[in-house]
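> This is the structure I have questions about; it appears just below.
The values are calculated or read from the model by the stated rules, or taken from the named source; none is laboratory data. Just so we're clear, the structure is a prediction, and the values are computed from it rather than from any experiment. Here the Cβ positions follow ideal geometry from the backbone for every residue, glycine too, while neighbour counts run over all protein chains shown. Quick note on the areas: whole protein, heavy atoms, side chains included, nothing else; ligands and nucleic acids left out. Shrake-Rupley method; radii C 1.70, N 1.55, O 1.52, S 1.80 Å.
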Amino acid sequence: MKIEQWPLTRLQPYPGNPRLNDDSVGAVAASIAEFGFRQPIVVDADGVLVCGHTRWKAAQQLHLDKVPVHVARELSPAQLRAYRLADNQCATLSEWNLDLLTAEILQLKSENFDLDLLGFDADDLAGFLE
């Protein structure tokens, strides 16, 4: 997979994006600020977003000039539309192993890691730390 660095201004949101992601932009921006950009934004040949609308908004919030991009040139228009949906929906099909999740969070707490960077709300974190 080829990753290119593109100016953020070259990317365009997909106008038909059905995902409501504004509430997660701050958490993703904090993650990018802490860990760096670890997953490229996927675009079509015209620079229209396929996957990564939240990362794109987070990059804007962070005032980044360039972002890593993968251009999905080999996908048909129908495949691009389907991938937009599948990429988001597949993530919702997973569940947590709560024992292992709690153990990981407790370990991070013992290492004085900023748990706010994990994206869990305060009530969820409090429940794990009890």
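> How many angstrom lie between the C-alpha centres of the stretch 66-119 and the stretch 1-63?
Each part reduced to its Cα centre gives a spacing of 13 Å.
> Same structure, new question: Only Lys, Arg, Asp and Glu count, each charged at its Cβ (+1, +1, -1, -1), so figure out the dipole size of the stretch 54-130 about its Cα centre, rounded to 20 debye.
Details: 7 positive and 13 negative charges, 160 e Å.
In total the dipole reaches around 760 debye.
> What is the magnitude of the charge dipole of the chain about its Cα centre, with +1 placed on the Cβ of each Lys and Arg, -1 on the Cβ of each Asp and Glu, and no other charges, expressed in debye to the nearest 20? Before the final figure, lay out the partial values.
Details: 11 positive and 19 negative charges, 182 e Å.
Once rounded to the nearest 20, the dipole reads 880 debye.
> Quick one: with all protein chains in place, what share of the accessible area of the chain is carbon or sulfur, to the nearest percent (1.4 Å probe)?
Details: 4480 of 8660 Å².
That fraction is 52 percent.
> Still on this model: Bin by bin, in steps of 10 Å, what percent of the Cα pairs in the chain do you find, going until the bin that has the longest distance?
Result returned by the calculation: 11, 36, 31, 17, 4.
> Something else now. What is the set of long-range amide H partners of Trp6 at a cut-off below 5 Å, with H atoms built 1.01 Å from backbone N?
Placed amide hydrogens put Val67, Val69 under 5 Å from Trp6.
> Hey, got the Cα dimensions of the stretch 65-130 along the principal axes, in Å, largest first?
That gives 49, 32, 18 Å along the principal axes, largest extent first.
> Restricting to DSSP loop positions (anything but H, G, I, E, B) with no more than 14 other Cβ atoms inside 10 Å of their own Cβ, which trypsin sites (Lys or Arg not before Pro) remain in the stretch 55-96? List each step's numbers first, then the result.
On the way: sites: Arg55, Lys57, Lys66, Arg73, Arg81, Arg84; in loops: Arg73.
Listed in order of number, the matching sites are Arg73.
> For the stretch 1-111, what's the relative contact order in percent, using C-alpha pairs closer than 8 Å and at least 6 residues apart? Can you show the working numbers first?
On the way: 117 pairs, mean separation 35.8, N = 111.
Worked out over the stretch 1-111, it gives 32 percent.
> Can you pull out the trypsin sites (Lys or Arg not before Pro) in the stretch 1-53 whose DSSP state is coil and whose Cβ has at most 11 other Cβ atoms within 10 Å?
Working: sites: Lys2, Arg10, Arg19, Arg38; in loops: Lys2, Arg19, Arg38.
Qualifying residues, ordered by number: Lys2, Arg38.
> Select from Ala58, Leu108, Gly47 the residue farthest towards the positive end of the dipole of the chain; place +1 on Cβ of Lys and Arg, -1 on Cβ of Asp and Glu, and compute about the Cα centre.
Highest projection toward the positive end goes to Gly47.
> Using the Cα centre as the reference, give the magnitude of the dipole from point charges on the C-beta atoms of the stretch 1-74 (Lys, Arg: +1; Asp, Glu: -1; all else neutral), rounded to the nearest 20 debye. Provide the component values of the computation, followed by the final result.
On the way: 8 positive and 8 negative charges, 21 e Å.
The dipole of the stretch 1-74 has a size of about 100 debye.
> Please list, short to long, the whole-number percent of alpha-carbon pairs of the stretch 36-107 in consecutive 5 angstrom bins beginning at zero.
Result returned by the calculation: 3, 13, 20, 17, 15, 14, 10, 6, 3.
> Modelling each spin label as a point 7 Å along the Cα-to-Cβ direction, I'd like the Ala126/Gln12 distance in nm, to one decimal.
4.7
> Sticking with this structure for a sec: Using only protein heavy atoms and a 1.4 Å probe, report how much of Ser110 is accessible, in Å² to the nearest 10.
80
> May I ask you to give the solvent-accessible area per residue for the stretch 1-43, in square angstrom, as obtained with a 1.4 angstrom probe? Please report the intermediate quantities before stating the final value.
Working: 2900 Å² over 43 residues.
Result: 67 Å² of accessible area for each residue.
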